[in-house]
C-alpha cells in the first residue's frame, strides 16, 4: 500500500514550484499585525537614533564653544595680568629715568659711573618691556589725542600747529592697542 499511496500524490515538477525569497518567506510566515509592529519598532529606533545623534552633535558644539570661550578668557586674564604688573612697575621705571637725568647733571667720574649703571638697568627694563609687547607712547610733536594723552598745561606757541603736544611731562605706555598709562603732556595753542 505504500507504493500505491505514493503514486496517488501528484508530483509537481521543480520548475513549477513558486519562487519564494527567504525574506518574503519570513514575512509571509508572520501575520500582518506582527509585520506592522516590527515596522513601527524600526521607525521608533530610527527616530531614537536621530535624536541621540542630534543630541551628540549639540553637545559637541557646546563643548567646542566652551573650549574657545575658556581660551579667550585665559588669554584676556594673561593680558590683564601683564598690564597690572607693568602698571605697578611704572613708578620704578620713572625713578630710573629721573636718576639717569640727575647723574647727567654732574660732571664727576663717580656720577658718570653711576649714570652708566643706571643706563644699563634701564636698558634691561626696556628689553623686558619689549618682550612683553609694552611700548612707550610717542607724543612730542604729535597731535593731541585724548585716548593717549592727558593734557595738564596749555601754552601759546606759534611755531607749532594747533593742538600739538610740545612737551611730555610723564611718559605713557601701551600694550598693543591698550593704554596702560596715559602720557601727561603740555599742549600748544
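The values are calculated or read from the model by the stated rules, or taken from the named source; none is laboratory data. This structure is a prediction, so every number in the text was calculated from the model and none was measured. With ideal geometry, Cβ positions are generated from the backbone for all residues, glycine too; neighbour counts draw on all protein chains shown.
Just a few scattered comments:
- Selected residue [outside any helix (DSSP H, G or I) and either outside the structural domain of residue 174 (by TED's automatic domain parsing) or modelled with pLDDT under 95 (or both)] from 107, 116: 107
- Residue 162 in contact with a strand residue (DSSP E or B) (Cβ under 9 Å, 6 or more places away or on another chain), modelled with pLDDT under 90 and surrounded by fewer than 16 Cβ atoms within 10 Å (Cβ to Cβ): yes
- Every condition in (1) exposed (fewer than 13 other Cβ atoms within 10 Å of the Cβ); (2) in the same structural domain as residue 96 (by TED's automatic domain parsing) holds for residue 176 except the one numbered (2).
- Residue 83 vs. criteria touching a strand residue (DSSP E or B) at 6+ places or on another chain (Cβ under 6 Å) and either in a helix (DSSP H, G or I) or in contact (Cβ under 8 Å) with a residue 24 or more places away in the chain (or both): yes
- Selection from segment 135-149 of residues that are farther than 25 Å from residue 91 by Cβ and in a strand (DSSP E or B): 143
- Among the residues listed as 113, 71, 84, 36, the single one being surrounded by 10 or more Cβ atoms within 10 Å (Cβ to Cβ) and under 18 Å from residue 129 (Cα atoms): 84
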